[in-house]
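Report on the structure given below.
The values are calculated or read from the model by the stated rules, or taken from the named source; none is laboratory data. This structure is a prediction, so every number in the text was calculated from the model and none was measured. Cβ coordinates were reconstructed from backbone atoms using ideal geometry, including for glycine residues, and neighbour counts include every protein chain displayed.
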Amino acid sequence: MPHLDPTEKQIVFKIVYFGPGMSGKTTNLRYIHKVLTNKYKGEMLVLDTEKERTLFFDFFPVSLGTIQGYSLKFHLYTIPGQIFYEASRKILLVGAEGVVFVADSSADRLRDNTEMFMAMNENLRSQGIDPSSFPVVLQYNKRDCNPRLSIGEIERELGLENIPVTESIAIEGKGVMKTLQVISKEIISRFQIS
């Protein structure tokens, strides 16, 4: 459930960028932060420990307008992708309204992608959330690599239906803002329904 701040007249939504290590989660957030106007974004915080990194910043998506007089604000987070950071990933998913699953398109990363997607679903279930009704956008990143996974390969492997899919080359910024737009609209439409 989003956080409602009646004093500031804001509805705050949390989006988590989830995926295997080195898939491009951090690159996505760095690009988004770089292109947003200073007026509409907060400072990027990087929480670095010895072996893991989490990024966070917030922004106001002017193009999405307001809901019943409340302005919208999004908090964006990345999770550490390495498999041994399960506890950190679980904590960062708490309170999320949506997830961008950043998949590495390299042909040899299918197993990493599917294992991490299943771990994400398990983390959601452990919070009492049904993953099939939770807003998730599957972003096939690194579309410039060869050989690469074909679009639909991850969905077939996991038996996913009706999941929004985007393509990106995050290091060049291609498809990054489109992905953010898709997940934002998914979250808002579900919020307005409930």
- Query: Pairs, please: C-beta under 9 Å, at least 6 apart or cross-chain, first residue more than 15 Å from H75 (Cα to Cα) and in the stretch 24-44, second at pLDDT below 90 and outside any helix (DSSP H, G or I)?
  - Reply: K39/F60
- Would you mention how many residues in the stretch 1-15 are part of a loop (DSSP other than H, G, I, E, B), on the phi < 0 side of the Ramachandran plot and more than 18 Å from the chain's Cα centre (by Cα)? 3
- Are any of the residues in the stretch 120-128 within 15 Å of the chain's Cα centre (by Cα) and either assigned to a strand (DSSP E or B) or more than 24 Å from S189 (Cα to Cα) (or both)? no
- Residue in the stretch 148-191 that is nearest to P2 (Cα to Cα), counting only those that are in a helix (DSSP H, G or I) and acidic (D, E): E186
- Scan the stretch 16-46 residue by residue and report those that are in a strand (DSSP E or B) and surrounded by 22 or more Cβ atoms within 10 Å (Cβ to Cβ). V16, Y17, F18
- Message: Condition (residue is closer than 23 Å to E122 by Cα, surrounded by fewer than 20 Cβ atoms within 10 Å (Cβ to Cβ) and more than 13 Å from the chain's Cα centre (by Cα)) applied to the stretch 135-146: is it met by at least one residue?
- Response: no
- Message: Show the residue pairs meeting these rules: Cβ distance below 8 Å; 6+ apart or different chains; first residue within the stretch 99-112 and among the charged types (D, E, K, R); second residue part of a strand (DSSP E or B).
- Response: D104/N141; R109/A103; D112/D104
- Query: Do we find that S150 is farther than 21 Å from G24 by Cβ and hydroxyl-bearing (S, T, Y) in this structure?
  - Reply: no
